[in-house]
Amino acid sequence: MIYAKITGWGKAVPPATISNDEISTIVDTNDEWIATRTGIRARRVSHVSTAELATIASKHALACAGLEGKDIDLVLLATCTPSTMVANTASLVQKNIGATGAAACDTNAACSGFLYALQNATAQIQAGMIKRAVVVAAERMTWYVNWAKRDSAVLFGDGAGAVVLEASSEPSGLMGTKTGCDTEDRDILHITNYGSDMDKYKPTGPSDLLFEGREIFKRAVTGMSIACDDVMQKANLHLDDIDVLIPHQANLRIIQAIQKKLAICDDKVMVNIDQYGNTSAATIAIALCEAVEQGLIKPHANIMSAAFGAGLTWAASYIKWGERTTPINTCDYQFPPCEKSGLELVHDAVLACKSAD
């Protein structure tokens, strides 16, 4: 049997930050209100495009795997904040990393996007269609933020994470997965004034982000728990077999609820929402990289991951890690210098949102 082994991993975390104390100077809130309700202490703001975020993460993942862009057959980008719709943003990432001739495609499942993309690329490798893929999740969620809406303005951040998949006979990589979508309640997490349904001759103004926190919480916990149970049952995996839980980093309370339902102790759960906020599709990809860097993921670890996003999409995945937890090579490709603080980067957007409110 052919498996899609993870052989490289890399992330792109923008240098500019906005702390809770800083965000309280532009939104009617405070550190205690944000931290107690979400677990977020800060978020990153990108001074580069989604394509560049994805490029940085992908180049680091390729170096980690000891590969070059020319070795790759597929570049699959999970994002709901593409740099361009036509041509797709993945095609620019493909060009930037030198993956000449590789297939390039964007996929949008919002916060579940990385697990959706991982399933897609794994299936192509297992079918023998390709041998190597870069799966990257990159988001500039702060571009969508309506700074006049407190409940959602404090939640989101920017970043990217990537993995390299290679065909292997070793049982590793994505071993079990379950994806789905609860469309009955898709409007509880929704941006209404973007896409081809909008009136392109009418100024749109700030994003009209609909966000019903309580309903999202209930459906997220239920959806991810059921999906995890389904994956573990099909993989004949028991709760005691799970070495690491990497949930979508949307809300600390959701993470804790999933942890409780799976009866997993604190030292097995990867949490970094306090540093980055919700980076949508990129949260699991970034958290996976950091779990390896921090030694939480050890050789042959059993990893459970789950996500829930707009749509309402959901996904759960069982990943079997390989032997290696250190990079083969490193990459010196980094962000260009950032001359502005996080607040300065969003200054114009804040003024526009408040004037339109």
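Structure values in brief
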item: Residue within the range 225-232 that is surrounded by 19 or more Cβ atoms within 10 Å (Cβ to Cβ) and assigned to a loop (DSSP other than H, G, I, E, B) present; result: no
item: Of all residues in the range 156-171 being of a type outside the set (A, V, I, L, M) and within 27 Å of Ala51 (Cβ to Cβ), the one that is surrounded by the fewest Cβ atoms within 10 Å (Cβ to Cβ); result: Glu166
item: The range 33-87, residues that are open to solvent by less than 20 Å² (accessible area, probe 1.4 Å) and on the phi > 0 side of the Ramachandran plot; result: Gly39
item: Condition check for Asn30: open to solvent by 50 Å² or more (accessible area, probe 1.4 Å) and touching a residue at least 40 places away in the same chain (Cβ under 8 Å); result: no
item: So Val145, is it within 20 Å of Ile273 (Cα to Cα) and either open to solvent by 40 Å² or more (accessible area, probe 1.4 Å) or under 21 Å from the mean Cα position of the chain (by Cα) (or both); result: yes
item: Number of positions in the range 88-110 that are polar (S, T, N, Q) and open to solvent by less than 40 Å² (accessible area, probe 1.4 Å); result: 3
item: All positions within the range 301-312 that are of a type in the set (Gly, Ala, Ser), in contact with a strand residue (DSSP E or B) (Cβ under 7 Å, 6 or more places away or on another chain) and open to solvent by less than 10 Å² (accessible area, probe 1.4 Å); result: Ala301, Ser305, Ala306, Ala307
item: Total residues in the range 253-273, condition open to solvent by 10 Å² or more (accessible area, probe 1.4 Å), touching a Lys or Arg at 6+ places or on another chain (Cβ under 9 Å) and touching a residue at least 40 places away in the same chain (Cβ under 8 Å); result: 1
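Table: residues versus (1) in a loop (DSSP other than H, G, I, E, B); (2) open to solvent by less than 20 Å² (accessible area, probe 1.4 Å).
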position	(1), (2)
Gln275	no, no
Leu288	no, yes
Ala291	no, yes
Ile297	yes, yes
Trp314	no, no
Glu339	yes, no
His347	no, no
Leu351	no, no
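The values are calculated or read from the model by the stated rules, or taken from the named source; none is laboratory data. Fair warning: this is a prediction, and the values are worked out from it, not measured in the lab. Note that we place each Cβ from the backbone using ideal geometry, even for glycine, and neighbour counts take in every protein chain shown. The accessibility values were calculated without ligands, DNA or RNA, using every heavy atom of the protein model including side chains. Shrake-Rupley method; radii C 1.70, N 1.55, O 1.52, S 1.80 Å.
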